[in-house]
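The values are calculated or read from the model by the stated rules, or taken from the named source; none is laboratory data. Source: prediction; values computed, not measured. Virtual Cβ from ideal backbone geometry, glycine too; neighbours counted across all protein chains shown. Keep in mind that these areas ignore ligands, DNA and RNA; they rest on the heavy atoms of the full protein, side chains included. Shrake-Rupley method; radii C 1.70, N 1.55, O 1.52, S 1.80 Å.
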Amino acid sequence: MSFSPLRSDARVLRQVQLFAQRYAVTTLGYGEAPEGVVEHLQLPDDVVAWHKDRRLLAARRFESAYRNAPVVHAAQRLLAGRRGTFDVVLADDIDTVPLALDLHAPGGVHADLHEYHPRQSEESLRWRVFVAPYYRWLVRTYGIQADSVTTVGQGIAREYRIRFGIRAGVVVNAPHYVDLEPTPMLAGAPLRLVHSGNAQRHRLDVILAAMDLVERPMTLDLYLMPNDPPYLDELRARYADSDRVRIHPPVRPAELPALLNAHDVGVYVLPPVSFNHLWALPNKIFDFVQGRLALAVGPSPEMAALVRRHGLGVVTDDFSAETLAAALDSLTTEGVAAYKRASAVAARELSAEQQVIGWAKAIDTLATRLNG
């Protein structure tokens, strides 16, 4: 179960694809049923997943805030009479864990926590005051009851263990393996940079500022989701006549590796405005690898460690545009070609086929409680 549109939630889809091959899978979430499931419980589109009663949050009446949330009411209606009818429940994100526990599945509950929820939006004072205590309560009260837990990176797993005693395995957000070869470097041509993801100011400002500072010829192609339409419109207007920065519509995940493969360097510098930003290890990093690109990233611990461990590219010394521009200017044709070859070597290890083993072991362990 997940309070997200299942068909566009890459992490949840990988879970569905994995378990539909070995179990009879029922899904609960927004949108149409994913392929391969035997039953789908569809949340109404007009129910907003994050809506909570502010008065209950302010009064620290967290149980009431959870149980009275519109999405929880909608899910409870869909699950009415189903207690004990599911063998194992996989709860995506902490918001679904209480509902999963309510089902009393004889095999138990596995919680896949996509973020470190108690500090998810801590850059916002309002969020820190009103919402953070609620999520701390949710993890402390219900998260610790899950029979097994996974999350997206080592730093986040460590924080869950230190703060709540939760021992979480790690399954990174890697896409499926794609059989590609690195695109040859073009002699004398501009270096081809690329970035794909959300159109969010704090995620793109450093990269765009660096493009105003670089001295060698290079281009930047941005494939952006329209999650902030005014900002996306601003970018389109700003770069309408640019021959250096080009704004493109997003592409489907299955088409992304081949599109990325036509470039040279995947670039991402994410200023650490929150705990989750600091410890981010986003799917785009693994998309770059499947596209057989060199990588240029900031010193975010998880991203930096991955790039250094596999020799995939360069890591900047800080999160500034000046440092990123200098790092990009320092790239040589031979160096980028070597980084692209390193991505090709690492692509199979850093693919969903390898990473989902963590989920398979967790769910299979719970399932053995029923049939040995």
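Some notes on this structure:
- Just so you know, the Cα atoms of the stretch 208-314 work out to an Rg and Dmax of 14.4, 39 Å.
- Building the convex hull from the alpha-carbon atoms of the stretch 230-274 and averaging its projection over directions returns 4.9 nm².
- Taken along its principal axes, the alpha carbon cloud of the stretch 139-239 reaches lengths of 57, 37, 23 Å, longest axis first.
- Mean separation of Cα contacts under 8 Å (6+ apart) over length of the chain, as relative contact order %: 15
- Table column - 3J(HN,Hα) (Hz), the stretch 30-45, Karplus curve with 6.51, -1.76, 1.60, x for Gly and Pro: 7, x, 6, 5, x, 5, x, 8, 8, 7, 10, 9, 8, 6, x, 5
- Counting only Cα atoms, the chain measures 67, 46, 38 Å along its principal axes, largest extent leading.
- Between E32 and E215, the C-beta separation translates, for a Förster distance of 56 Å, into a calculated FRET efficiency of about 0.70.
- Our coupling estimate for the stretch 167-182, obtained by passing each phi through the Karplus curve with A = 6.51, B = -1.76, C = 1.60 and θ = phi - 60°, is 9, 9, x, 10, 10, 6, 7, 9, x, 5, 5, 10, 7, 10, 10, x Hz, Gly and Pro reported as x.
- For the pair the stretch 43-62 / the stretch 303-334, the C-alpha centres are spaced 42 Å from each other.
- Cα-based values for the stretch 74-134, radius of gyration first and Dmax second, are 14.4, 42 Å.
- Solvent exposure of the chain as accessible area per residue, Å², 1.4 Å probe: 45
- Relative contact order %, the stretch 213-372, counting alpha carbon pairs below 8 Å whose residues are six or more apart: 20
- Cα-based shape type of the stretch 302-362, given that a ≥ b ≥ c are square roots of the gyration tensor eigenvalues and the cut on a/c is 1.5: oblate
- Surface accessible to a 1.4 Å probe, Y339 within the full protein complex, Å²: 60
- Packing-based ranking, highest mean first, of 80-92, 33-45, 289-301 given that Cβ atoms within 10 Å are counted: 289-301, 80-92, 33-45
- Net charge dipole size for the chain [Lys, Arg +1 and Asp, Glu -1 on Cβ; Debye, nearest 20]: 1220
- Dipole magnitude of the stretch 125-199, debye to nearest 20 (Cβ charges: Lys/Arg +1, Asp/Glu -1, about Cα centre): 620
- Rounded to the nearest whole Hz, the Karplus-based 3J(HN,Hα) values (6.51 cos²θ - 1.76 cosθ + 1.60, θ = phi - 60°) of the stretch 142-157 follow the sequence 10, x, 6, 8, 4, 6, 8, 9, 10, 8, 9, x, 5, x, 5, 4, with x at glycine and proline.
- Surface share of carbon and sulfur [accessible, 1.4 angstrom probe, percent] for the chain: 51
- The order of the peptides 229-241, 115-127 by mean Cβ neighbours within 10 Å, most packed first, is 115-127, 229-241.
- Value of [θ]222 nm, deg cm²/dmol, for the chain, DSSP H segments ≥ 4, -39500 (n - 2.57) each, nearest 500: -11000 deg cm²/dmol
- Of interest is the spacing of the C-alpha centroids, which for the stretch 207-284 and the stretch 154-193 amounts to 17 Å.
- Derived value for the stretch 94-170: Kirkwood hydrodynamic radius 12.7 Å. Basis is the mean of 1/r over every pair of different alpha-carbon atoms.
- Over the stretch 46-182, Cα pairs under 8 Å with separation of 6+ residues give a relative contact order of 18 percent.
- Segment Q145-R308, length gained on full extension (0.36 nm per residue, minus Cα span): 55.0 nm
- Trypsin sites (Lys or Arg not before Pro) within the stretch 146-185: DSSP coil, no more than 14 neighbouring Cβ in 10 Å: R167
- For the stretch 35-160, the gyration tensor built on C-alpha atoms gives an oblate shape. Its axis ratio a/c (a ≥ b ≥ c) is at least 1.5, and a/b is not larger than b/c.
- Cut-off under 5 Å, modelled amide H: who pairs with L191 long-range: M218, T219
- For the stretch 57-100: span of alpha carbons on each principal axis (Å, largest first): 37, 19, 14
- Kirkwood Rh and Cα Rg combined as Rg over Rh, evaluated for the stretch 269-314: 0.95
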